[in-house]
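Let me begin by presenting the structure, written as structure tokens, before commenting on it.
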Amino acid sequence: MSPIETKRTSCEVYSRITGYLRPVQQWNDGKQAEYFNRKTFKIDK
């Protein structure tokens, strides 16, 4: 393992589902796949 990889720390990603925040890792496989396929858009006013 390289020195860069040994210094990494895993982080927990949260997303809002039905009104409250929940860790993405606790979602079922289908919801996780849907989450990672999402695209963000910026709309100029």
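How long are the semi-axes of the equivalent ellipsoid of the chain, defined as square roots of 5 times the Cα gyration tensor eigenvalues? Whole Å, largest first.
Whole-Å semi-axes of the equivalent ellipsoid: 26, 18, 12.
What is the set of long-range amide H partners of ILE17 at a cut-off below 5 Å, with H atoms built 1.01 Å from backbone N?
ARG22
Using a 1.4 angstrom probe and counting only protein chains, how large is the accessible area of PHE36 in Å², to 10?
140 Å²
What number, rounded to the nearest 500 deg cm²/dmol, is the helix-based mean residue ellipticity at 222 nm of the chain, given -39500 (n - 2.57) per DSSP H run of at least four residues and division by all its residues?
The per-residue figure over the chain is -6000 deg cm²/dmol.
Considering only protein heavy atoms and a 1.4 Å probe, what is the carbon-and-sulfur percentage of the accessible area of the chain?
That fraction is 51 percent.
Give a residue-ordered list of calculated ³J(HN,Hα) values for region 13-20 (Karplus: 6.51 cos²θ - 1.76 cosθ + 1.60, θ = phi - 60°; whole Hz; x for Gly, Pro).
Rounded to whole hertz, the list is 9, 10, 9, 8, 10, 6, x, 9.
The values are calculated or read from the model by the stated rules, or taken from the named source; none is laboratory data. Just so you know, these numbers come straight off a predicted model, no measurement behind them. Accessible surface areas use protein heavy atoms only, side chains included; no ligands, DNA or RNA. Shrake-Rupley method; radii C 1.70, N 1.55, O 1.52, S 1.80 Å.
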